[in-house]
1. Would you mind telling me the antiparallel percentage of the DSSP bridges in the chain, rounded to 5?
2. Which of the peptides 48-60, 225-237, 32-44 is most tightly packed, and how do the rest follow, going by the mean number of other Cβ atoms within 10 Å of each residue?
3. Normalised radius of gyration for segment 24-123, please: alpha carbon Rg relative to 2.2 N^0.38 Å, two decimal places.
4. Counting heavy atoms of the protein chains only and a 1.4 Å probe, report the per residue accessible area for the chain as a whole number of Å².
5. Antiparallel versus total DSSP beta bridges in segment 129-248: what percent is that, nearest 5?
6. Using only helices, what value at 222 nm comes out for the chain when you add -39,500 (n - 2.57) per DSSP H run of length 4 or more and divide by the total residues, to the nearest 500 deg cm²/dmol?
7. When Rg is the radius of gyration of the Cα atoms in segment 133-248 and Rh is its Kirkwood radius, what does Rg/Rh come to?
8. Could you order peptides 91-99, 178-186 by the average number of other Cβ atoms within 10 Å of their residues, highest first?
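The values are calculated or read from the model by the stated rules, or taken from the named source; none is laboratory data. This is a predicted model, so every value here is computed, not measured. Here the Cβ positions follow ideal geometry from the backbone for every residue, glycine too, while neighbour counts run over all protein chains shown. Areas reflect the complete protein model, heavy atoms only, side chains present, ligands, DNA and RNA absent. Shrake-Rupley method; radii C 1.70, N 1.55, O 1.52, S 1.80 Å.
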Amino acid sequence: MSTNSAGRWAVVTGASSGIGAATARQLAAAGFRVVLGARRLDRLTELAEEIGGTALPLDITDPDSVAAFVAQVPECHVLINNAGGAKGLAKIAAADEDDWRWMWETNVLGTLRVTKALLPKLIASGDGHVVTVTSVAASQVYDNGAGYTSAKHAQGALHRTLRGEHLGEPVRFTEVAPGAVETEFSEVRFGGDKERAAAVYQGITPLTSGDIADIITFVVTRPSHVNLDYIEVKPRDQHSATRMHRHE
């Protein structure tokens, strides 16, 4: 049994590529009216036209942009906090504060801004649902990754706290924590170095954006009384953030 999605409004951040774009497509196919938010409006508009959604510019690191975005969202039943990312792979002793600041602004404060702004509409809908895409890095740490893992730990803590603060209200909260997903993530982390990014997935069969979108769509179409609190998903070839089986 699943919830009828027809006429329900879903907001997806970071919707111009990767997991966000795949999720927007699948939610639209499931019957949701999808509002897509991202900075790259050209990509966003093309996707919105493809799926019959609404494209709106959104920079989650800018409070004014978030306010302008939310003001144009007529209703919100589902929020997919997908925007985020990593920059660099440096030891703490060599940390670049600008990279750390970007990761915390994007993953933590960006999630805070959008969620806080849309919570009144989610609750008013009578059946709201917040899905936050974190990472296995929200529960694990690894050498040279403290900027990202600390931000993802904080993002996860923010999301899980909401579950208790809104207990008894008509809104659900689900954290989806993926492992290795082949998207633009590693290219962004390595400053556009495609060769270095490709090496991350060499010898394994990584997850795809569609795999994560499948899970998110399943989650938000469960009956209203069902709350899938936390889902960690990794490729079969991945055991943890630091351990993978790479085929010859």
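1. Numbers: 1 of 28 bridges.
Beta bridges within the chain, antiparallel portion: roughly 5 percent.
2. 32-44, 48-60, 225-237
3. On the way: Rg = 15.3 Å, N = 100, 2.2 N^0.38 = 12.7 Å.
Rounded to two decimals, the normalised Rg is 1.21.
4. Working: 11490 Å² over 248 residues.
The answer is 46 Å² per residue.
5. Values: 1 of 11 bridges.
Counting only bridges with both partners in segment 129-248, antiparallel ones make up about 10 percent.
6. On the way: 9 runs with 99 residues, N = 248.
My calculation for the chain gives -12000 deg cm²/dmol from helical runs alone.
7. Numbers: Rg = 15.7 Å, Rh = 15.6 Å.
On the Cα set of segment 133-248, Rg over Rh gives 1.01.
8. Details: 91-99: 10.7, 178-186: 20.3.
Final packing ranking: 178-186, 91-99.
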